Structure formats: structure tokens, C-alpha cells
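Okay, so here's the structure we're looking at.
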Amino acid sequence: MNAKLAGLRKAMEKEELEEIGEETEKSVAIRENPSWKVAITKDKQAHKESLHEFIDKKREMFLLQYSLTVKRDVIQKLEAQAAAEEMKLEKAEQFLEEDALRFDEFLKQNDKNSVEALKQAEKETKLKMERVAQIKSQSAQMVNIKSDISKCEEILREYLMYKDFLFKLSPKEWQEDVLKRKAERKKSAAIVSKEKRGSESKVSLSPVPVKKAESRSSGQVIQSRDSTRDIRQPSRHSTKTVGSKKTSNAAFLVEEKEISENPIYSDSDEEPELYFTDPQQLLKIFSELEEQNLSLIQNSQETEEALEEMKHTISSTKEKMEKETQQLEDHINQLKAAITLEEERAADLELKSRVFAFGQYKSEDQDNMLASLSKKVEDVYQACIGENRGNLNALQMLMIIEHQLEELLDNIEVIPKDRIEVAEKAKEKERRLRLREEKIKQQKLHQEERLRKALQRAQADPKKTTGRKLMARSDPPALKLKLDKDQDIIDKEKEEALLFFS
């Protein structure tokens, strides 16, 4: 349809161009005809023209003729281009028709191939369903066979267990004799199997007859013909069959190895040998073993009872010892706590007596010390209880702090000792760290002071010594320093102040 419409459109355009060309040619021919010119100029009044007007008219006529020739050339070029385009369009239409025909042929071939593919797919699906059904039936058979084999193996294991039990009950001399005979049988079987393998290898290395080779070649030709028929079958099936053959061979070898190594199948061909021929022999042995077991059970029960008594006595003595040690430790801790309280009280009384001794300290020093103590008490009050909103004095704050401390001590008795020990260790660690840091700080300041003095000495002008050098003084005799108890108490007070007020 599109090709037909394009052809009609081209024909109409061609006719229009031809009509336009004919009209232009007619108009040009009429204008060039002298009769037309006479008819046009007949009715007009003749008047004389000047040379300038004549030249202008001639110029206009020349320009008109030139424009007409140019337009004719353009029309001819356009006609040639139109003809070329028409040729191209005709060729394109021809190509399109050919492509359409080819496409129709391709669609027909594709439909044909799709139909064949659907038929082939149906065949393959049918074959697949048949194979799946075969596989399911064979797998069900395999499962049944495996279940039967497992049942038989369980029965065989049970019988072999009975056989081993009876073999162990038999006398040792008979057992050794049976084991020797088994070893001899195994050796002879190994020699026979080696001889068979050697004969088989010799037969496999011998040349094959010509007739067999010809029959094999003919069989190969027939197989090649059959294989050409089954070209469309996928190559995966062949690879799967090869892989399945390899796996089946490997599984067969593994099964043979298991059968050779498994004790269930090792003595299957041998005739069972039993020492016991009469059930009464077994009953007699069982009665003897039962008596031995009863005596052993009785002995074990007696030993267990003795062991339980020993454990009970050990646990009771251990509990008694633990209770006694705990009581002694509690008593020691109480004594230590009482000693520390008495020492603290003595230190406090000694401090008070030293601070407020008559005439020893000035009133200003006493006031300053009281102010610092009240400030420390207020700091402790704020840290433990809160702000001093009631403007309490130092004694009142101390009473409240003591009351709070008594409550805390009462609560400490309820808290587990492990937690108290952990808290005390943490506090002691903090105190030691603080003292160590202060000591390091003091050492650092002392070192800096020494360095500063050394720098001052190094930067100072050297003193010129005049006269005779003075001899160094001899060292005074070493005095044995007596440890002052007051100094120890002061150091302890400083540590407590750092612990409680820092």
C-alpha cells in the first residue's frame, strides 16, 4: 500500500510539473509572437519615446529574458533532480518489495522451524517423563533393596556379636588355634589371587585375532551410523553417561574395598567354628560369671560405703576448721579495728593538746587553725550531706557527720564483705596514687629549683679568688637521729588530711 501511494503521489507531482512547464512555454511563445505584440500595441496611442526610455525598456526586456532563461535552467535542473529522485525511489521501492518478500519467507521458515521445534520439544518431554518415571521406579527399587540390605546387615551384626561373645568365652588355646588357621587361609587366598591377576594380565597382553578386529571394526561402523541418527541429542547426556560410568566404577571399587576390609563380609565364605556344642556348657559358664559379678558388686558396694563415710568425716572436719578459722579471723579483725580506733583517738587527743597547749601557740595561730579546721569540716559536710543552709557551727556539723558515719557503719555490716574489701582497696589505691603524684610533683619542683640555681650559677660572673685558698672544714661527727614519735603522728595526720579533705 505504501508503495502504491508513493507511486500515485509521484505521478501527480510529475503531471503538475509538466503543466507548469507547458504554461511557461506557451506564455513565452505568445510574448515572442509579433502578432501578439501588434495586438497589444495597436490600441495604445503612439507617442515618441526618448532614447533614455528606449534603453530602459530594452534593459527591462533583457532582464526579463535573462530571468526567463535562468528559470528555465532551474526548471530543467529540478526536473533532472526529480527524475533522479524518482529513479532512487523506484529502486528503494524495489528493494523494499524484495525485503518484504524475504521477510515473509523468513517468517514462514521461522514458523516452520518453531512448529518442528515444538514437535521435537513434545517428543523430548515425553522421553523425559518416561525417563523420570523409570528413574523413580528404579530409585524406589534401590531404596527397597537398600532397606533389605540394611536389615540383613543388622541381623548379621547381631549374629556376629553373638559369635564374638561365644569366641571370647571359649578357652584361649582354642582361640589361638582358630586364629592360626584363619591366618593360613588368608595367606593361601592372597597367593591364589596374585596368580589369577598374573594370568589375567598375560591374557590381556596377548595379540587379538584378525576376525575379532574385523568384527570390532564392523561394529564400530554400525555404531557410527547409529550415532549419526542421534546427532540432535544434547552432548550433556553423553558427558553425564561418561561421568556416571566413572562414578559407578569408583563406587564399585570402594564397595569391593569395604567388603574386603569389613569384618562382616570377611568370614562369610568360611564355615563357622564353635567351641561350644551343648547349651549346658554356656549355662555353667554364665552361672560362674554371675557368681563372680555378685562378689564384685558386693565388694564395690562395701568400698563405696567406706568412701562415703570418709567423705562425710572429711567434710565435717573441714566445716569445723573453716568455722574456727572464720571466728578467729573475725576476732582478729575486731581487735585490729579496736586498736586503730584507739590509736586514732589518742592521735586526736594529742593533736588537740598540742594545738591548744597553754602558751605554746599564739592566739592568732590558734584562730587560724580553728578557721582552717572549720573550713575543712564544712567541706566534709558539703561533700557528705549537702549545703549548710542552717548556718551551723563546726561542732554541730561534726555531730551530724558523726551521726551519718554511724549510720553508714551500721549499713556496712549489712553489705557483703567482698564489696567492702573491693571499695577499701580502690580507696587505698587512690590514696597511694595521690601521694605518689604529690611526691613526684615535689621532686619535680625540687629538680626545677636545682636546675634554676645551677643556671644562675653558670650565668653568674666568675669570682676571682685572691690570696691563699681556704681549706675545707672537716665534717662534724655524725649524729644518731632519734625518731620522734610526734613527727610520725604529724605525718599520719597529713596522710589522713590528704585522704579525707583533698
Look at the range 379-410 and say how many of its residues are under 57 Å from the mean Cα position of the chain (by Cα), part of a helix (DSSP H, G or I) and exposed (fewer than 13 other Cβ atoms within 10 Å of the Cβ). 7
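Taking the options Arg473, Arg452, Arg436, name whichever one is more than 30 Å from Ile401 (Cα to Cα) and either in the same structural domain as Glu342 (by TED's automatic domain parsing) or at pLDDT 85 or above (or both).
Of Arg473, Arg452, Arg436, the one residue that is more than 30 Å from Ile401 (Cα to Cα) and either in the same structural domain as Glu342 (by TED's automatic domain parsing) or at pLDDT 85 or above (or both) is Arg452.
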Note down all Cβ pairs under 6 Å where the first residue falls in the range 78-90 and is in the same structural domain as Ile20 (by TED's automatic domain parsing) and under 13 Å from Lys14 (Cα atoms), the second is surrounded by 11 or more Cβ atoms within 10 Å (Cβ to Cβ) and modelled with pLDDT under 90, and they're at least six residues apart or on different chains. Glu86/Lys10
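Have a look at Glu413, Glu430 and point out the one that is free of Cβ contacts under 8 Å to residues at least 60 places away in the same chain, among the charged types (D, E, K, R) and surrounded by 11 or more Cβ atoms within 10 Å (Cβ to Cβ).
Of the residues listed, the single one that is free of Cβ contacts under 8 Å to residues at least 60 places away in the same chain, among the charged types (D, E, K, R) and surrounded by 11 or more Cβ atoms within 10 Å (Cβ to Cβ) is Glu430.
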Expected output for the range 149-162 (first residue of a type in the set (A, V, I, L, M), partner part of a helix (DSSP H, G or I), Cβ below 8 Å, 6+ apart or cross-chain) is Leu156/Ile264; Leu160/Pro263; Leu160/Ile264
Counting only residues that are surrounded by 10 or more Cβ atoms within 10 Å (Cβ to Cβ) and part of a loop (DSSP other than H, G, I, E, B), how many does the range 143-176 have? 1
With respect to Asp104, determine if the residue is part of a helix (DSSP H, G or I), modelled with pLDDT of 90 or more, assigned by TED's automatic domain parsing to the domain that holds Glu25 and more than 30 Å from Glu15 (Cα to Cα). yes
Among Ala189, Ala140, Ala121, which is the only one that is modelled with pLDDT under 90, of a type in the set (Gly, Ala, Ser), farther than 21 Å from Phe276 by Cβ and in a helix (DSSP H, G or I)? Ala189
Go through (1) more than 30 Å from Ala371 (Cβ to Cβ); (2) among the β-branched types (Val, Ile, Thr); (3) at pLDDT 85 or above for Ile401 and report which single condition fails. (1)
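Looking at the structure I just gave you, is Asp56 part of a helix (DSSP H, G or I) and at pLDDT 90 or above?
no
The values are calculated or read from the model by the stated rules, or taken from the named source; none is laboratory data. Just so we're clear, the structure is a prediction, and the values are computed from it rather than from any experiment. In this analysis, Cβ positions are derived from the backbone assuming ideal geometry, glycine residues included, and neighbour counts consider all displayed protein chains.
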